[in-house]
1. Does Leu79 count as assigned to a helix (DSSP H, G or I) and within 20 Å of the chain's Cα centre (by Cα)?
2. Kindly provide the set of residues from the stretch 161-181 that are assigned to a helix (DSSP H, G or I) and either touching a Pro at 6+ places or on another chain (Cβ under 6 Å) or closer than 13 Å to Thr133 by Cβ (or both), ordered by number.
3. Would you confirm whether any residue within the stretch 65-87 is of a type outside the set (S, T, N, Q), out of contact with any His (no Cβ under 7 Å at 6 or more places or on another chain), in contact (Cβ under 8 Å) with a residue 12 or more places away in the chain and closer than 17 Å to Thr114 by Cβ?
4. Name the residue that is surrounded by the fewest Cβ atoms within 10 Å (Cβ to Cβ), counting only residues in the stretch 32-64 that are among the charged types (D, E, K, R) and within 24 Å of Thr135 (Cβ to Cβ).
5. Out of the stretch 138-158, which residues are surrounded by 15 or more Cβ atoms within 10 Å (Cβ to Cβ), part of a helix (DSSP H, G or I) and not hydrophobic (A, V, I, L, M, F, W, C)?
6. Please work out which residue is farthest from the chain's Cα centre (by Cα), limiting yourself to the stretch 39-72 and to residues that are assigned to a helix (DSSP H, G or I) and farther than 30 Å from Arg104 by Cβ.
7. Which residue out of Tyr130, Tyr108 is farther than 24 Å from Pro63 by Cβ, in contact with a helix residue (DSSP H, G or I) (Cβ under 9 Å, 6 or more places away or on another chain) and among the hydroxyl-bearing types (Ser, Thr, Tyr)?
8. Go through the residues of the stretch 111-121 one by one and say whether even a single one is in contact (Cβ under 8 Å) with a residue 12 or more places away in the chain, in a loop (DSSP other than H, G, I, E, B) and not β-branched (Val, Ile, Thr).
Amino acid sequence: MALICILLFSHMTWLFLCHRIDVMMIMVLNSEGRLRDAYERLKKRGVPLASNQVNYSLIYRAPEENGVKAACDELGITLIAYSPIAQGVLTGKYKPENPPSGPRSRIYTPEFLTKLQPLLNRIQAIGDNYGKTPTQVVLNWLIAQDNVVPIPGAKTAEQAKEFVGALGWSLSNEEINELRSLASEINPVVGFPVEKL
């Protein structure tokens, strides 16, 4: 049924799926075991697993903790980090007295934002040192993790230009480790339900 629906959308674009690649197998690779299983199944069919898109940011490092990042590195799979600025929380635009609204408010509570402030202050200070924004600092931190491509979502041309400013410079190893250490002092962000599939 899934194959029929896909073919209805674009039989030319999705024709390669007719070669019996298990579509459901590819959909959720958020654990090391699932990633390795998908890699081996695809390898047997001569299909390389080139990338794995997962939620990954300075304050949500589940791919490191559950072995996905290490497996990607070992197998030569690029880790594509979605929500790299934690839905805007790492930009510093939200404060305990002005938390995000909607579904994000359940995760990024005033209490969490209070605990996050020392990290945000340090991100700002590092950015000031380089003439960069907090957004550019946290994107550069992800780029420094090797084999990681962050994909922030831009709603405006200005945001897209800001994202480009994460390239062409590098945080020092000391700064990378300091940010990781500060982030580790905060209770980890609880993922969205999709992370538990």
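1. Values: assigned to a helix (DSSP H, G or I): no; within 20 Å of the chain's Cα centre (by Cα): yes.
No; evaluated as a whole, the condition is false for this residue.
2. Filtering the stretch 161-181 for residues assigned to a helix (DSSP H, G or I) gives 161-164, 173-181.
Result: Lys161, Glu162, Phe163, Val164.
3. Within the stretch 65-87 (the criterion being of a type outside the set (S, T, N, Q), out of contact with any His (no Cβ under 7 Å at 6 or more places or on another chain), in contact (Cβ under 8 Å) with a residue 12 or more places away in the chain and closer than 17 Å to Thr114 by Cβ), the answer is yes, since at least one residue qualifies.
4. To start, the set of residues in the stretch 32-64 that are among the charged types (D, E, K, R) comprises 32, 34, 36-37, 40-41, 43-45, 61, 64.
Keeping just the survivors that are within 24 Å of Thr135 (Cβ to Cβ) gives 61, 64.
Working: Arg61: 18, Glu64: 14.
That would be Glu64.
5. Across the stretch 138-158, the qualifying residue is only Asn140.
6. Restricting attention to the stretch 39-72, the residues satisfying the condition of being assigned to a helix (DSSP H, G or I) are 39-44, 62-65, 68-72.
Now drop any that are not farther than 30 Å from Arg104 by Cβ, which leaves 39-44.
Values: Tyr39: 20, Glu40: 24, Arg41: 25, Leu42: 23, Lys43: 25, Lys44: 28 Å.
The selected residue is Lys44.
7. Details: Tyr108 fails: farther than 24 Å from Pro63 by Cβ.
Tyr130 is the lone residue from the list that is farther than 24 Å from Pro63 by Cβ, in contact with a helix residue (DSSP H, G or I) (Cβ under 9 Å, 6 or more places away or on another chain) and among the hydroxyl-bearing types (Ser, Thr, Tyr).
8. As a first pass, look at the stretch 111-121 and keep what is in contact (Cβ under 8 Å) with a residue 12 or more places away in the chain: 111-120.
Filter again for in a loop (DSSP other than H, G, I, E, B), leaving none.
The answer is no, given that none of the residues of the stretch 111-121 is in contact (Cβ under 8 Å) with a residue 12 or more places away in the chain, in a loop (DSSP other than H, G, I, E, B) and not β-branched (Val, Ile, Thr).
FYI, it's all coordinate maths here, none of it is from the lab. The structure presented is a predicted model; accordingly, all values stated were derived computationally and were not measured. With ideal geometry, Cβ positions are generated from the backbone for all residues, glycine too; neighbour counts draw on all protein chains shown.
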